[in-house]
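Have a look at the structure below, then the notes.
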Amino acid sequence: MRDFPTVTAPTFITDPENADAYEAKHTPHIEIEVVDDIAEVTVTAGYYVTHPNEAGHFFEWLMLYAEEQPIAHFVGASEVLNPTMTVEVNLPAGTVLEAMAHCNLHGTWKTEAVIPESDVKD
């Protein structure tokens, strides 16, 4: 069970690269780079299509979950133009990550990614 509340169930867009502009501007993006079994995870809101982020319409927060457990949280505001957070995590390959972005007008949006194997071999 998540311990960060959402007012409604998140909208889950499975293919944001082919979504319409409304969906694409709200769906967060997860980028993962693994080196020596440490994953650098970057979550960006407004990645596919720029979100306005202005007074009255902005991302209030970003959340990152690993296997449904919260592991990182970013609090946004209208002054934050490109909400992004980057964290390094020590999680095994195959771990499912979920990113959520909450727009104050259009609710919560979700995407998923899986931590890949490290590209670096000893």
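The values are calculated or read from the model by the stated rules, or taken from the named source; none is laboratory data. What you are looking at is a predicted structure, and each value in this text was computed from that prediction instead of being measured. Here the Cβ is made from the backbone with ideal geometry for all residues, glycine too, and neighbour counts use every protein chain on show. Remember, those area values only see protein heavy atoms, side chains included, never the ligands or the DNA or RNA. Shrake-Rupley method; radii C 1.70, N 1.55, O 1.52, S 1.80 Å.
Taken together, the residues in segment 73-86 that are under 15 Å from the mean Cα position of the chain (by Cα) and open to solvent by less than 40 Å² (accessible area, probe 1.4 Å) amount to 3. What are the residues in segment 106-122 that are over 13 Å from the mean Cα position of the chain (by Cα) and either surrounded by 11 or more Cβ atoms within 10 Å (Cβ to Cβ) or not in a loop (DSSP other than H, G, I, E, B) (or both), if any? Correct list: 106, 107, 115, 116, 117, 118. Taken over segment 60-102, the criterion of being closer than 10 Å to residue 41 by Cβ and either touching a Ser or Thr at 6+ places or on another chain (Cβ under 6 Å) or at pLDDT below 95 (or both) is satisfied by 66, 86, 99. Pairs linking a residue in segment 43-72 that is in contact (Cβ under 8 Å) with a residue 40 or more places away in the chain and surrounded by fewer than 20 Cβ atoms within 10 Å (Cβ to Cβ) to a residue that is charged (D, E, K, R) and assigned to a loop (DSSP other than H, G, I, E, B), with Cβ atoms under 8 Å and 6 or more positions apart or on different chains, are 65/2; 68/2; 70/2; 70/3. Reported count of residues in segment 88-105, each being closer than 13 Å to residue 65 by Cβ, of a type outside the set (S, T, N, Q) and open to solvent by less than 40 Å² (accessible area, probe 1.4 Å), is 6.
For (1) of a type outside the set (D, E, K, R); (2) assigned to a loop (DSSP other than H, G, I, E, B), each residue gets a yes or a no:
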{"position": "9", "(1), (2)": "yes, yes"}
{"position": "14", "(1), (2)": "yes, yes"}
{"position": "25", "(1), (2)": "no, no"}
{"position": "51", "(1), (2)": "yes, yes"}
{"position": "64", "(1), (2)": "yes, no"}
{"position": "79", "(1), (2)": "no, yes"}
{"position": "85", "(1), (2)": "yes, no"}
